[in-house]
1. Please check which bits of segment 30-54 a label hung off V131 would reach, taking the label as a point 7 Å along Cα-to-C-beta and the cut-off as backbone N under 18 Å.
2. As a quick test, which of the pairs K31/K122; K31/K104; K104/K133 have an alpha carbon distance above 22 angstrom in this structure?
3. When only alpha-carbon atoms count, how far does segment 7-109 stretch along each of its three principal axes, as whole angstroms with the largest first?
4. Beyond 15 Å, what percent of the Cα pairs of segment 63-136 remain?
5. Would you please give the FRET efficiency between N89 and T59, computed as 1/(1 + (r/R0)^6) with r the Cβ-Cβ distance and R0 = 25 Å, to the nearest 0.05?
Amino acid sequence: MAKIVGSYKLESSENFDDFMKALGVGLVMRKMGNAATPTVEITEENGVYTMKSITTFKTTEIKFKLGEEFEETTADGRIVKSTITLEGNKMTHNQIGDKEKNEKDSVLIREFTDTEMRMECKVDDIVCKRVYKRLE
């Protein structure tokens, strides 16, 4: 099984603008999101994972235990209920939007190999694929 802990740099992205648009992200935020090449750092200590996404204009960080729901503020400012599970080398990140605000649910699936992290982002029938190269 590939190790999950490490640092990753975005190498390619496909359909990210449509994914953000489907979530209701505004034009300016989408332009910044499309221009960004984030570095993702994943650490784990005593069963608590920290996932940090670093770009030149914004850094987001979440801390979680596998299988436990937590509140997450997404990079675009939505507050969602998230649960992250791990099966083999696949990490599934379910984000449940606020139904009272008519927000959508999304799923982020990260698959880890020895050289990269492949990420699939889904909302409605939109699928975005992003590939991150392992730095360490």
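Values in this text are rule-based calculations from the coordinates and carry no lab data. Keep in mind it's a predicted model, so treat the numbers as computed, not measured. Every residue, glycine among them, receives a Cβ derived from its backbone with ideal geometry; neighbour counts consider all protein chains shown.
1. 37-40
2. Working: K31/K122 19 Å; K31/K104 20 Å; K104/K133 29 Å.
Exceeds cut-off: K104/K133.
3. Extents along the principal axes, in whole Å: 40, 34, 22.
4. 59 percent
5. Rounded to the nearest 0.05, the efficiency is 0.45.
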